[in-house]
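The values are calculated or read from the model by the stated rules, or taken from the named source; none is laboratory data. None of the values given here were measured: they were computed from a predicted structure. Cβ coordinates were reconstructed from backbone atoms using ideal geometry, including for glycine residues, and neighbour counts include every protein chain displayed. Areas reflect the complete protein model, heavy atoms only, side chains present, ligands, DNA and RNA absent. Shrake-Rupley method; radii C 1.70, N 1.55, O 1.52, S 1.80 Å.
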Amino acid sequence: MESCDVLIVGGGPAGSSCAWQLRQHGLDVMVMDKAGFPRNKVCAGWITPSVVEALRLDTEDYARQHVLQPITAFRTGLIDGRELETQYPATVSYGIRRCEFDDYLLQRSGARLLQGLSMESIKRHGSGWLVNDAITAPLVIGAGGHFCPVARFMGAKLGADEPAIAAKEIEFEMSPEQRDACQVRGDTPELYFCQDMKGYGWCLRKGNHLNIGLGREDNHLLSEQLRHFCDFLKQRGRIPQNIPDSFHGHAYLLYGHAARKQIDDGMLLVGDAAGLAYPQSGEGIRPAVESGLMAATTILEAMGDYRSKQLLPYASRLVTRFGPIASPRSTGPAYLRNFLAGKLLNNKWFTRHVVLDRWFLHTHQAAMQTT
Ligand SMILES: Cc1cc2nc3c(=O)[nH]c(=O)nc-3n(C[C@H](O)[C@H](O)[C@H](O)COP(=O)(O)OP(=O)(O)OC[C@H]3O[C@@H](n4cnc5c(N)ncnc54)[C@H](O)[C@@H]3O)c2cc1C
């Protein structure tokens with residue numbers, strides 16, 4: 001039988017950030033992940049500078065061995081509509097490859113790693129837990145993403161009754177011919193909103209890799225919408241004609257659109273397991289990292305007493321950071337929303353200050369500081 005102070009289920013950005021912070025304060029942490037790292041994660045792979053700051057990433061060191069594409073501009077518009085380019089004087093985001101980024105963070109965390117091991121069972125063991133009949137821990141953290149088994153154990157109805165974002169993407173290495181034919185620049189990702197404003201498509205170039213995808217509030221006709229988006233990019237000459245069609249799908253929750261229980265006695269959820277992605281952009285890495293760090297702070301303060309009332313400060317920290325969970329506001333009649341969106345996305349001021357700075361870059365919210 002193995003034991004540890006904290007067992008984290010899931011080694012993505014949420015789990016590894018939490019593990020890293022706990023290890024810095026001397027706790028014995030195990031991270032269990034069903035995948036062997038490096039592993040792929042369906043994701044565009046775009047991070048904001050707050051992630052770099054909160055994790056104290058040494059970008060020069062990281063860039064020596066991994067793709068780190070600085071982003072200084074965006075091309076935006078409606079699918080089939082006009083395009084606008086917005087330039088920034090400095091780096092406002094980075095493109096990373098999740099297979100590299102997640103592996104780097106997990107190895108750096110200093111936790112004991114149980115890779116290729118899925119969480120299959122969890123039972124009470126004294127005041128703590130027995131996982132897979134093999135590991136005991138007084139506290140278990142659910143960091144297993146949207147389909148996290150700890151979230152399921154805590155009562156989440158995974159895949160049912162939850163209004164999830166459905167998304168599909170592909171990331172592939174371009175051949176020299178494809179590189180020549182690709183007009184998308186590494187420093188200028190392209191974002192195009194669906195005509196009904198229920199989602200958007202993106203195209204990011206990271207070194208020789210190209211990532212294309214589309215996410216929507218509903219999965220109605222997702223494949224058709226994606227095909228239409230790719231045709232649009234090809235017609236405008238933005239991407240090569242001969243891209244692979246092996247798109248992968250995934251789902252996740254937007255903060256405030258569904259409320260999963262976040263804490264219980266000896267248990268808490270972080271990242272996608274808790275449903276924390278930003279509602280306007282779908283950015284989930286920053287909330288995953290920040291929730292992992294907030295969970296670690298709460299755990300350290302609890303000093304070994306992990307009854308749910310001792311973990312309540314974690315829930316309060318989430319509300320302070322991401323706002324109260326309210327039912328999503330009505331966005332008005334569809335025809336009006338579409339008309340306004342079409343007009344506003346042609347407007348340079350609105351695109352820079354609202355769409356990009358506020359919705360996508362969250363420049364109004366300072367990076368989280370850790371000790
Ligand atoms: C198509 C798409 C594009 C996206 N693009 C972006 C983007 O550009 N930028 C951004 O910020 N966000 C993006 N997101 C959201 C982002 O990917 C997630 O919010 C983020 O990965 C959440 O991190 P996490 O650590 O909570 O979960 P994950 O990264 O999903 O990690 C969960 C881990 O848990 C493991 N696991 C699952 N089940 C078990 C089990 N039973 N036992 C053990 N381990 C298990 C998995 O193997 C995985 O490694 C995108 C999402 C999608 C679907």
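The accessible-area ordering, largest first, of the residues Thr363, Thr136, Thr91 stands as Thr363, Thr91, Thr136, per a 1.4 angstrom probe. Helix 285-302 versus the longest principal axis of the chain: what is the Cα-based angle in degrees, 0 to 90, to the nearest 10? For helix 285-302, the angle is close to 20 degrees. With springs only between Cα atoms under 10 Å apart, run a GNM on the chain and tell me which of Trp202, Trp129, Trp349 wobbles the most. Per the Cα network of the chain with a 10 Å cutoff, Trp349 tops the list.
Across Arg75, Arg64, Arg56, mean-square fluctuation computed from a Gaussian network of the chain (C-alpha pairs under 10 Å connected) peaks at Arg64.
Pairs of lysines in segment 119-267 whose Cα atoms sit within less than 29 Å of one another amount to 13, provided the residues are eight or more positions apart or on different chains. Surface composition of segment 158-211: carbon and sulfur make up 44 percent of the accessible area, probe 1.4 Å.
Estimated from the Cβ-Cβ distance and a Förster radius of 51 angstrom, the FRET efficiency linking Thr363 and Met1 is about 0.55. Under 10 Å, Cα contacts only: if you run a Gaussian network model on the chain, which one of Pro138, Pro70, Pro38 comes out with the highest mean-square fluctuation? Of the options given, Pro38 has the highest mean-square fluctuation.
Here segment 96-136 is scanned for amide nitrogen atoms under 19 Å from the site 7 Å beyond the Cα of Glu173 along Cα-to-Cβ, giving 96-104. Taking segment 37-65 and a reference point 7 angstrom along Cα→Cβ of Thr91, the backbone N atoms nearer than 17 Å belong to 45-65. Averaged per residue, segment 92-192 has 41 square angstrom of accessible surface, using a 1.4 angstrom probe with ligands and nucleic acids left out.
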